[in-house]
């Protein structure tokens, strides 16, 4: 009889594991398959390569935003890319956000499909496609069960294209308005 133990054994080699645990134990590592591949690092921006200026902000935020020089504009001299940021009322936070945006743009320019942002978008696309595939499997299974239980024919094509995010919930007042409009006609 085998006993299953879930253990995090990343630092131990197979020989160390075999010497610690008896032969009838089956070890499963929980940390290896769950970790995603790390994203590549953002490119470093040298201070000599940028020209930084502070501007008065505009838009919502009241009089304070319009009177202080908290918006940041950074120009990357070698490429000519200009980034302006006024996310917050803090000059330091805006500098940090602007530098991050500039680093992403430079990474996208230099690496293309292998950049951080492209990898993030690809992961999100794959995750969404997986969720859609899972949803389709679920509704196909429900249709098959309904067909078995009812003995009738289920509309599998309609179920395959079912997207609950596209349906708008209908309130009772809308139902009442719809029924009143049909009575008048």
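The values are calculated or read from the model by the stated rules, or taken from the named source; none is laboratory data. Only a predicted model underlies this, so the values are computations on that prediction, with no experimental measurement involved. Don't worry about glycine lacking a Cβ; one is built from the backbone with ideal geometry, like all the others, and counts go over all protein chains shown.
Among the residues making up region 47-71, those that are under 30 Å from residue 110 (Cα atoms) and surrounded by fewer than 10 Cβ atoms within 10 Å (Cβ to Cβ) are 47, 48. Hey, could you check region 22-45 for residues that are surrounded by 10 or more Cβ atoms within 10 Å (Cβ to Cβ) and modelled with pLDDT of 60 or more and say which is nearest to residue 124 (Cα to Cα)? Applying the filter and picking the extreme gives 39.
Among the residues of region 80-107, the ones that are at pLDDT below 90 and not in a loop (DSSP other than H, G, I, E, B) come to 0 in all. Residues that are in a strand (DSSP E or B) and either in contact with a helix residue (DSSP H, G or I) (Cβ under 8 Å, 6 or more places away or on another chain) or more than 21 Å from residue 102 (Cβ to Cβ) (or both) within region 48-79 comprise 50, 52, 54, 71, 72, 73, 74, 76, listed in sequence order.
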